[in-house]
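Structure first, then comments.
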Amino acid sequence: MGRKKCVQGNSTPPTNISAFRDEERRWKSRLAAPDLSLAFDADNIAWDSLMTAGRLRGIWTSGSGATEECWRVDLDELAELGGLLGQSRWKGKQRQGENDYAIIIRACTNSSLRAGFVFFPRVLSESFQRDLVGETLCHAGQPNLTSLDNHYTLPPGGLWNAWKEGRGDELVWRKRSATSTDAAPSDAAPAAARDQERAPSESCIDKDPAATTVGDLLPKLRWANVGWHYNWTTKLYEFERGQPPLPPLIYSCCRTLARSMPWQHAYPDLRHACDDPAASPPRPDWQRWKEAYEPDAGIVNFYQLKDSLTSHVDLAEVDAVSPLVSLSLGHSSVFLIGGTTRDVPPLPVLLRSGDALIMSGAGRRAYHALPRVLEGTLPDYLRADAAEADPEWGLYGEYLERGARINVNVRSVF
Ligand SMILES: O=C(O)CCC(=O)C(=O)O
């Protein structure tokens, strides 16, 4: 990887901008191609030759010369899903014969957020990624709410299922009065809408015509809730709506990842962490996660190339330290992990299709953002004409080829 100085973005940021916002601005800028040598890349880590205490130490060096220390731990229990998870099931040449492993990232080394970020590079097999893409799109509909539900009377089976059935020209009517401030699907500003976190103003909604079609609306789908319903306006869970089960592949995959992680390596100095229940902030109860971690809520984010997700923390869960498991599918992206304030400079991380990331412990209170989806990065096995895909894959591949990235992230509310 090249060792270039950072040249992207505007050169002179306003003086009052936080370190996090500055970094977001840099990655979002379209003035120059993004300099990926500045993003933490699991393929570009120099590992020690000997393992110490069950961990291999690694150093990643940024194109700017900054370094990041990390640790690699073996995952011995990933066979649970019949070979659907695990780097050793990955077809790419570099991965053949490798043990399954996770990387503990010590992001934000100047802050107390020293534990809890775990990265699983290319952990989802190629065929499993296709299955997950299918599941996310097919479940973006009742009983799960989507970003479009407040604005349109959607086909009962959801937009994707209508599209799949060849009903792309079917009319979809706009609701007369939308009640929430969920992302308004304006033609004019999909990226901007997405960028205001998930609850921008609805000012553009009246400009849209009264009806549109299934085909036109599909690229405007921004998110779907899965499991317990989270209201993006009130920022509270709506338990009275009941608890739809998580889609089965999402559930088993995220549960397996969180349970297969040898957490003692991520929390070596917190061996008796849960001895003090009054600790503030709450200490991670990682000893229980292996046996008891149960994801029950989540969101599926559907990004198009120009979309981004601005910096935020996810703190609505009662259990605000247990794993939040995040899966990446489709185009690659740059994800920023920061600290408990936006003044902590974030670490940019390159996320490829098939990667998983867990935020846990103190890391659950870290600001994070997705400033950039990377053009031209869709792997061949996700293209419409992928040789080994099922015959029905074509439509899914076409959706991804238009620039999509899908992120699944789930957590345990209680
Ligand atoms: O798209 C991603 O990878 C991150 C999504 C995220 O942070 C969120 O949905 O809260």
Relative exposure of Lys175, Lys220, Lys164, judged by other C-beta atoms within 10 Å (fewest first): Lys175, Lys164, Lys220
With label points set 7 Å from each Cα along the Cα-to-Cβ direction at Arg57 and Ala32, the distance between them in nm comes to 3.4
Once phi is turned into θ = phi - 60°, what whole-Hz ³J(HN,Hα) does the Karplus curve with 6.51, -1.76 and 1.60 give for every residue of region 168-174, x standing for Gly and Pro? x, 8, 4, 6, 10, 8, 6
With θ taken as phi - 60° and the coefficients 6.51, -1.76 and 1.60, list the Karplus ³J(HN,Hα) couplings across region 56-63 in order, rounded to whole Hz; mark glycine and proline as x. 10, 8, x, 10, 9, 10, 6, x
When the Cα centres of region 30-47 and region 132-166 are compared, how far apart do they sit, in Å? 35
Between Ala384 and residues 5 or more places away or on another chain, which pairs have amide H atoms under 5 Å apart, with H built 1.01 Å from N, and which residues are they? Glu398
Within the under-13-Å Cβ sphere about Glu375, not counting Glu375, Lys/Arg +1 and Asp/Glu -1 give a net charge of +3
Amide H neighbours of Tyr101 at under 5 Å, excluding residues fewer than 5 places away on the same chain, with H built from the backbone geometry, are Leu75, Gln87
Can you list residues whose amide H is under 5 Å from Tyr237's amide H, if they're 5+ apart or on another chain and H is modeled 1.01 Å from N? Asn231
For region 307-313, in order, what is each residue's ³J(HN,Hα) by Karplus, 6.51 cos²θ - 1.76 cosθ + 1.60 with θ = phi - 60°, in whole Hz (x at glycine and Pro)? 7, 8, 10, 6, 5, 6, 10
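Computed from the coordinates by the stated procedures, all read-outs in this text should not be read as laboratory data. Owing to the predicted nature of the structure, the values given are computational and were not obtained by experimental measurement. Every residue, glycine among them, receives a Cβ derived from its backbone with ideal geometry; neighbour counts consider all protein chains shown.
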